[in-house]
Structures are given as structure tokens and as C-alpha cells.
Amino acid sequence: MKAIQVETFGGPEVLQLRKVGSREPEEKQVKIQVEAIGVNPVDTYIRSGVYPAQPDLPYIPGFDAAGIVTAAGSAVRKFKTGDRVYNFKSLSGCYAEAIVCTEDQVYRLPDNIDFTAGAALGVPYSTAFYALNYRAHAMPGETVLIHGASGGVGLAAVQIAGSKGMQVIGTAGTEQGIELIKKQGAFAALNHNEENYLAAVDELTFGDGVDLILEMLANVNLGNDLKLLSRFGRVVVIGSRGSIEIDPRESMGKNSTIMGMSLFNTTQAQLTQIHAAIYAGLSRGRYHPVIHSQLPLAKAAEAHELVMQAGVNGKIVLIP
Ligand code: NAP
């Protein structure tokens, strides 16, 4: 089968299309014919060799895909040949025509969701759901600032928070991003490339500040976030690409909380719950993955350039 293989860590050019052997599923494993692959920023960190947990070389990148089950091991209970599914993590790497996963890494795709949208679920929707519900214990009626709402995780968070009855304020860096966030349910959208864009938050929250911030670029925003929080407010650090100096005093008077998160810290039980909720949200029409562009698998290097560019609203998907 064809797959993208990384033989040495480096720039996007190390993503090479190769013919590789395709493995068969063991007892509790499922083989999937891949129809679409989700590209995530973490794929680029791992490819470049800077991520703390690195795979052995050579490896096939990617955590997210969607497709059709073509074989199931003898002890697999939940899936059979022909099922439409998506996955989060795999045993073989997702930038490929076929993947093998454990049964627990695979989730059913609702009939109303196509494969391209299915490839946008694994990392982005689980991250948004975990941040809101498991880290922040977000409640209906609370105000959430999604600081970086126009990307894969941010748009999922706008939909999940909105459908749970939260007041959503989102930020984006372009006019198209602003429009998109509003269309997805945010009651206000601010441009993080404009000066003083955060001044509006005071008025939008009647002077109370926001209860919760989901932060996609903490190394730029964390200092300001602490000023925007309400009393007992909390910030979940989802993304950060460097360091920042903050004034801890900003958090004292408000009893505010800064919490980190990694999707890789979720337990299997949490993932099962999270994907059950995602299935419900998708099949009831509350969640709609937003796709920015689809590229052939051979253009994985271009996809890695694109996913790190500003102003790319929604997901980049590779088609094998
Ligand atoms: P993405 O699709 O590339 O989106 C990036 C987002 O950041 C866009 O909305 C972008 O807006 C926004 N952004 C750019 N400049 C910003 C600024 N100054 N302030 C606030 N936001 C800004 O990436 P993603 O998949 O949504 O992931 C977002 C971040 O979370 C990445 O750093 C990723 O590595 C991380 N992440 C972490 C976990 C975890 O487990 N902790 C899981 C998934 C993702 P514009 O393009 O409109 O400017």
C-alpha cells in the first residue's frame, strides 16, 4: 500500500510517499481502509523532532483518520467488515491507504457524517470536549473565551460549548475567521491581530470577566488571560509554542486557576465517554466539522506547511 513515511526528522520535505507492507489485524484489532486523514499541528512537531515523545524511525505519521472496516480480529466485539468508522491513534500511523488499530482506538461514524468530516474528529473534538468538560468542568450559562477559535480545536470548542448552553466569545485572525466563528454559534468574535481587541471583553461580560478561557497560544496570551478572568475563573492551556512571563499576583485576588492539559493524558474510560458524546452531538446535528481543504496524500508536505499557517480556518484533510 501507499503511505507517507518519515525516515529522518526534519522539515516537511521528509514526508515521503512510499510503498510499504500492509499488516493484518490480530485478535483484538481492526483494519481500516482509509478514506480521509486529519492533519494536526502535533504531526508537524513530531516530524520535526522537537516533540517530547518521539517515535522510532522510520514511522508513518498521523493520529486521525476515517474509513471502512475491511477486517476484524476474532476477539473484536464492536466492529465488523463494512462498518463506517473513525479513529484516534492507531498501531500503524494514519498517513496511509490502510491502518490497523486496537478495537478501543476506533469509533463509529454517524450516517450523516462523511469521511472527510470524520477525519476531523479524533484529536480536535476530543481535545475540545476534554478541555471543557473534564479539565474545566464547564457549566451551562458560563461565559467562555475561546482564544483561537478558528482552527480545528477552536471550532469544535465553539460548537460543543454553544450546544451545552455556554456564552461563547471566540477570536480569529481574519475577517473570514470572524464570520465563521459567529456562524458556528459564538455570540461575539474578536480579531486577535487587532490592537486592543480584548478591551471589548469587559463590556461583553458586563464588567464581570469571563468564567473560562480555552487558550490555543498561551505563550502570547496567558498574561492577558489572567486579567480577563472573572473571580474563580480558570484558563485551560491547550496550545503553547514558547515561554511567557506572567504576574502570579493577577491570579491571587480572583482565586483563578491555570490548568494545563494533554489529550494523551486521557484514560480509556474517558475517551469512551467523550466519543459517545461526540457521536450524539454529530448525529443530532449539533456538531459540524469544518474542512478548510482536501489534498492528495502525496501532498502531505504541503499540508504540513498549511496547518502551521495563520488564517487557515478549519481542518486540512489528506485523501489517499
Ligand atoms: P490550528 O487548526 O492550526 O488552529 C490554530 C488557532 O490558533 C487558529 O484559530 C489561529 O487563528 C489561532 N491563533 C493564531 N494566532 C493567535 C493568537 N495570537 N491568539 C490566539 N489564537 C491565535 O490548530 P488546532 O488543531 O486548533 O490546535 C490549536 C493548538 O492546540 C495547537 O498549538 C495545537 O498543537 C494544540 N493542541 C494541543 C492539544 C493538547 O492535548 N494540549 C491537543 C490538540 C491541539 P487564525 O489562524 O485565525 O489567526
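Summary of values
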read-out	value
Whole-number percent relative contact order across segment 67-113, with pairs defined as alpha carbons under 8 Å at least 6 apart	33
For His288, residues with placed amide H under 5 Å, excluding near neighbours	none
Value of relative contact order over the chain, rounded to a whole percent, pairs C-alpha under 8 Å and six or more apart	19
Test item: Cα-centred dipole of the chain, Lys/Arg +1 and Asp/Glu -1 on Cβ, debye	880
Label-reachable residues, segment 106-130, where backbone N falls under 13 Å from a point 7 Å from Ile68's Cα toward its Cβ	115
Lysines with Cα under 22 Å of Lys2, excluding same-chain neighbours fewer than 8 positions away	Lys19, Lys31, Lys89, Lys299
Rounded if a/c under 1.5, otherwise prolate or oblate - segment 62-123, Cα gyration tensor axes	oblate
Bridge type composition, the chain - antiparallel percent by DSSP, nearest 5	55
Accessible area, probe 1.4 Å, largest first, for residues Phe232, Phe187	Phe232, Phe187
Segment 203-320 - share of DSSP beta bridges that are antiparallel (%, nearest 5)	0
Per residue value of the accessible surface for segment 77-209 (all protein chains in place, 1.4 Å probe), Å²	39
Overall form of segment 125-223 per C-alpha gyration tensor (a/c, 1.5; a/b vs b/c)	rounded
Gaussian network model of the chain, Cα within-10 Å springs - most flexible of Thr267, Thr143, Thr127	Thr267
Signed unit charges on C-beta, dipole axis of segment 127-252, positive-most listed residue Tyr130, Met216, Val144	Tyr130
Prolate/oblate/rounded label for the chain (Cα gyration tensor, a/c 1.5)	prolate
Per-q log10 I(q)/I(0), segment 226-290, q = 0.12, 0.23, 0.25 Å⁻¹ (Debye; single scatterer per alpha-carbon; no solvent)	-0.53, -0.97, -1.02
With all protein chains modelled, accessible area of Glu305 [1.4 Å, Å²]	100
Kirkwood-based shape ratio for segment 179-278, expressed as Rg/Rh from alpha carbons	1.00
Net length gained if the chain between Thr267 and Lys28 were fully extended (0.36 nm per residue, minus Cα distance)	84.2 nm
Volume in Å³ per residue [convex hull over Cα atoms, computed for segment 1-140]	128
Helix-only CD estimate at 222 nm, as mean residue ellipticity for the chain, using -39500 (n - 2.57) per DSSP H run (n ≥ 4)	-7500 deg cm²/dmol
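The values are calculated or read from the model by the stated rules, or taken from the named source; none is laboratory data. The model shown is predicted, which means the values in this text are computed figures rather than measured ones. A quick note on method: Cβ atoms are made from the backbone with ideal geometry, for glycine too, and the neighbour counts reach across all protein chains shown. The accessibility values were calculated without ligands, DNA or RNA, using every heavy atom of the protein model including side chains. Shrake-Rupley method; radii C 1.70, N 1.55, O 1.52, S 1.80 Å.
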